[in-house]
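Read the structure below first, then the notes.
The values are calculated or read from the model by the stated rules, or taken from the named source; none is laboratory data. All of these numbers come straight from a predicted model, not from anything done at the bench. Cβ sites come from the backbone with ideal geometry, for glycine too, and all protein chains shown count toward neighbours. These area figures cover heavy atoms from the full protein model, side chains too; ligands, DNA and RNA do not enter into them. Shrake-Rupley method; radii C 1.70, N 1.55, O 1.52, S 1.80 Å.
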Amino acid sequence: MSKVLGAVEINRERCKGCDLCVVACPTDVLLLQPKEVNNRGYHFAFAADPDKCIGCASCAAVCPDACIEVYRMVVK
Amino acid sequence: MTPQDIIRPENKVYARPALLNENNMHYCPGCSHGVVHKLIAEVLEEMGLADKAIGIAPVGCAVFAYNYVDIDWIEAAHGRAPAVATAVKRLDPTRMVFTYQGDGDLAAIGTCEAIHAANRAENIAIIFINNGIYGMTGGQMAPTTLEGMKTSTTPYGRRVELNGYPLAITNLMTQLDGTCYVTRQAVHTPAAVRKTKAAIRQAFSNSMDGSGTSVVEVVSTCASGWKMTPVQANKWMEENMFAKYPLGDLKNTVQQ
Ligand SMILES: Cc1ncc(C[n+]2csc(CCOP(=O)(O)OP(=O)(O)O)c2C)c(N)n1
Ligand code: SF4
Ligand code: SF4
Ligand code: SF4
């Protein structure tokens with residue numbers, strides 16, 4: 001059976017910690033950093049559970065600051 | 001398989017549009033303006049219109065749109081974007097000309113310009129960001145503010161007997177013979193973002209084809225003005241704004 005694997009790259013310095021990508025992700029991959037902040041003081045988003053990513057790009061679609069780039073591959 | 005094995009150029013399925021430059025946008029976290037800027041950049045890139053497009057920026061939070069999307073822009077006085085767009089498009093009809101306006105800009109001070117440009121069937125696209133409030137100046141009531149909605153100038157909520165009714169100006173514009181495409185969309189979910197992108201594409205191609213005026217309203221959030229988190233603002237918009245401003249195409253006379 002083939003399997004879809006996804007991964008996201010998030011520009012942490014551009015992120016404003018709005019949480020919209022976290023809510024949009026269907027597989028609960030993303031979270032905001034609970035403590036750490038970027039150089040503008042925002043709790044930036046990161047892939048807390050990267051193995052669950054299916055590369056659907058829902059997070060990238062809703063991100064107002066275009067911080068997220070998405071990768072997808074199918075393994076047989 | 002680690003993310004590093006997947007993050008390879010050949011696997012890239014979504015990239016930040018190249019027409020968005022490196023500047024960090026000044027918008028508040030979660031602001032709908034950012035999503036719509038991104039979609040405009042994506043559509044212009046995909047349609048190969050980067051060198052043909054001229055955007056007319058408003059007064060409002062999006063006054064600095066020209067700092068982010070790398071195309072030619074003109075900054076118009078408050079509400080006058082459709083008048084400026086008229087001149088630009090008439091002087092060079094080979095250009096794809098669009099305005100980008102908030103609801104304070106389009107539905108208050110600029111009502112006259114918007115209605116008359118649309119009634120003249122100017123071959124422009126109007127991107128209309130309706131967040132129901134004056135975002136830039138501190139969250140005052142706009143004509144589009146919902147009944148009962150609290151703003152800095154209606155601290156107890158908008159009262160119809162004092163402030164009149166919320167204005168669905170996009171519906172008015174469907175009545176004008178000059179409009180060819182009028183639609184109302186949003187950008188709160190991935191599916192809604194895809195629909196808005198398709199609507200912007202349609203509006204831009206109408207401008208190139210000389211089909212008349214297109215209006216793409218995007219019902220939007222202003223989390224700061226509404227005094228909510230971005231996630232709460234999206235939910236509030238779904239529960240409240242969509243009743244007065246339901247999503248979908250309002251008019252389309254263009255054969256697709
Ligand atoms: C002639 C003139 N009148 C008033 C103003 C003040 N002003 C600046 S932005 C704005 C309203 C902005 O609201 P909106 O168009 O809804 O855009 P938003 O900031 O919400 O995106 C007003 C009244 C101005 N700049 N120029
Ligand atoms: S690409 Fe899809 S699955 Fe992966 S983090 Fe983004 S929304 Fe979640
Ligand atoms: S949507 Fe974008 S800006 Fe908002 S938290 Fe996610 S990555 Fe950051
Ligand atoms: S004030 Fe409102 S419209 Fe302006 S940038 Fe902030 S959230 Fe966006």
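Among the residues of segment A:25-70 satisfying the criterion of being of a type in the set (Gly, Ala, Ser) and in a loop (DSSP other than H, G, I, E, B), which is farthest from ligand 4 (Cβ to nearest atom)?
Of everything passing the filter in segment A:25-70, A:GLY55 is farthest from ligand 4 (Cβ to nearest atom).
Just to check your reading of the model, which residue among B:VAL193, B:VAL182 is away from chain A (no Cβ under 14 Å) and among the β-branched types (Val, Ile, Thr)?
Details: B:VAL193 fails: away from chain A (no Cβ under 14 Å).
One residue alone meets the criteria, B:VAL182.
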task: List every residue pair whose Cβ atoms sit under 7 Å apart, with the two residues 6 or more apart in sequence or on different chains, where the first one lies in segment A:50-61 and is polar (S, T, N, Q) and the second, anywhere, is in a helix (DSSP H, G or I).
output: A:SER58/A:ALA24; A:SER58/B:PRO190
query: Given the residues B:THR183, B:THR221, B:THR170, B:THR196, which is the only one that is modelled with pLDDT of 95 or more and part of a loop (DSSP other than H, G, I, E, B)?
result: B:THR221
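Quickly run through segment B:18-37 and pick out the residues that are in a loop (DSSP other than H, G, I, E, B) and either facing chain A (nearest Cβ under 7 Å) or in contact with a strand residue (DSSP E or B) (Cβ under 9 Å, 6 or more places away or on another chain) (or both). Break it down stepwise before answering.
First, the residues of segment B:18-37 that are in a loop (DSSP other than H, G, I, E, B): B:18-19, B:21-31.
Scanning segment B:18-37 gives B:LEU19, B:ASN21, B:ASN24, B:MET25, B:TYR27, B:PRO29, B:GLY30, B:CYS31.
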field: For B:ASP105: the one exception among (1) open to solvent by 40 Å² or more (accessible area, probe 1.4 Å); (2) part of a helix (DSSP H, G or I); (3) touching a residue at least 24 places away in the same chain (Cβ under 8 Å)
entry: (1)
message: All but one of (1) within 16 Å of ligand 2 (Cβ to nearest atom); (2) surrounded by 15 or more Cβ atoms within 10 Å (Cβ to Cβ); (3) over 15 Å from the mean Cα position of the chain (by Cα) hold for B:THR86; state the number of the condition that does not hold.
response: (1)
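Taking the conditions exactly as written (within 16 Å of ligand 1 (Cβ to nearest atom) and either away from chain A (no Cβ under 14 Å) or among the hydrophobic types (A, V, I, L, M, F, W, C) (or both)), does B:SER207 satisfy them or not? Before the answer, list the steps.
Details: within 16 Å of ligand 1 (Cβ to nearest atom): no; either away from chain A (no Cβ under 14 Å) or among the hydrophobic types (A, V, I, L, M, F, W, C) (or both): yes.
No, not satisfied.
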